[in-house]
1. Output the residues belonging to region 50-108 that are closer than 21 Å to K2 by Cα and small (G, A, S).
2. From (1) open to solvent by 10 Å² or more (accessible area, probe 1.4 Å); (2) of a type outside the set (A, V, I, L, M, F, W, C); (3) touching a strand residue (DSSP E or B) at 6+ places or on another chain (Cβ under 8 Å); (4) in contact (Cβ under 8 Å) with a residue 60 or more places away in the chain, pick out the condition that doesn't hold for G216.
3. Would you please list the contacts, defined by Cβ atoms under 6 Å and residues six or more apart or on different chains, that run from a residue in region 225-243 that is open to solvent by less than 10 Å² (accessible area, probe 1.4 Å) to a residue that is of a type in the set (F, W, Y) and part of a helix (DSSP H, G or I)?
4. Report, by residue number, each residue of region 104-161 that is touching a Ser or Thr at 6+ places or on another chain (Cβ under 8 Å), of a type in the set (A, V, I, L, M) and in contact (Cβ under 8 Å) with a residue 60 or more places away in the chain.
5. Inspect region 130-146 for any residue being modelled with pLDDT of 95 or more, in a loop (DSSP other than H, G, I, E, B) and more than 25 Å from R91 (Cβ to Cβ) and give the result as yes or no.
6. In this structure, is V76 out of contact with any Cys (no Cβ under 9 Å at 6 or more places or on another chain), open to solvent by less than 10 Å² (accessible area, probe 1.4 Å) and within 25 Å of F144 (Cβ to Cβ)?
7. Can you tell me which residue within region 37-50, out of those that are open to solvent by 10 Å² or more (accessible area, probe 1.4 Å) and assigned to a loop (DSSP other than H, G, I, E, B), is nearest to C17 (Cα to Cα)?
8. Could you please give the count of residues in region 260-276 that are in contact with a Gly (Cβ under 9 Å, 6 or more places away or on another chain) and basic (K, R)?
Amino acid sequence: MKTYRLNRLFNDRSNRCFDVAIDHGFFNERGFLQGIENLEQAVKTVVAASPDAVQLTIGQAHYLQSLPGREKPALVLRTDVANVYGTQLPRTLFSRMIEQPVEQALRLDAACVVVNLFRIPEQPEVTDQCIQNILRIKPECDRFAMPLMIEPLVFQPNQKAGGYMVDGDLDKILPLVRQAVELGAGIIKADPTDDVSVYHKVVEMAGRIPVLVRGGGKAPDQEILGRTEALIKQGAAGIVYGRNIIQHRDPVGMTRALMAIVHESATANEAAKLIKAGRPDKGR
């Protein structure tokens, strides 16, 4: 039965998935709220561009699921909340899972649940909490035939990068991706590598488990489009982008541009034509 839900996530033409993440408010960081201050409107804007899935939290999923019609994107439900993204970290870090996550996902008619697997320098306790979360949710996912997306995230030292900065070191990403697979992931949502040309090694490490690539921090249009084109050519099964869409001057156009790359194998230059003309989006 998991296959039935996976069929709602992966496009029938390309067998790839484009998931737009709008779950940033869960993490209690002011900077994450840009572009989603009015979440209801943000959801409607993204849905108008018809991505395969939208990633939301238990408190905000109703904005997607209450929309009429059967053509709306599938829901990917975020099941854990953490305080690890700030430029100034608190004294104690945590990653906590919501109660009865799979049952809550079923009540919301989700097609998938997602949970983090952090690797943060000098913070092994947070990794331990993540593993406990995964060990707890995996049997429930199997019981209710709910696909489990695990998100292995490698952080740079906070004093160097300051909050939510991807460490694209292949040697750090590979073992964490493999650990996520060993823990029972049905889908991997992984960091991009600094050198995109080696991403096929991440895909290989995941074996038969599809790998969706995170967008990471905000980037200029040509950078994010070019990187996405290269990742798809390297064998990625799709993307999960958030701020590069919701904080974009033309979120609908950017979504359609990325969909053209993911589902139609368009080049970055071809896809860029789908974004409204205007002041170029510079990223950070």
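1. Scanning region 50-108 gives A53, A61, A74, A105.
2. (4)
3. L231/Y199
4. V114, L117 - these are the residues of region 104-161 that are touching a Ser or Thr at 6+ places or on another chain (Cβ under 8 Å), of a type in the set (A, V, I, L, M) and in contact (Cβ under 8 Å) with a residue 60 or more places away in the chain.
5. Taking every residue of region 130-146 in turn, at least one turns out to be modelled with pLDDT of 95 or more, in a loop (DSSP other than H, G, I, E, B) and more than 25 Å from R91 (Cβ to Cβ).
6. no
7. That would be S50.
8. Residues in region 260-276 being in contact with a Gly (Cβ under 9 Å, 6 or more places away or on another chain) and basic (K, R): 1 in total.
The values are calculated or read from the model by the stated rules, or taken from the named source; none is laboratory data. Just so you know, these numbers come straight off a predicted model, no measurement behind them. Heads up, the Cβs are rebuilt from the backbone with ideal geometry, glycines too, and the neighbour counts pull from every protein chain shown. Side chains included, ligands, DNA and RNA excluded: accessible areas come from the protein's heavy atoms. Shrake-Rupley method; radii C 1.70, N 1.55, O 1.52, S 1.80 Å.
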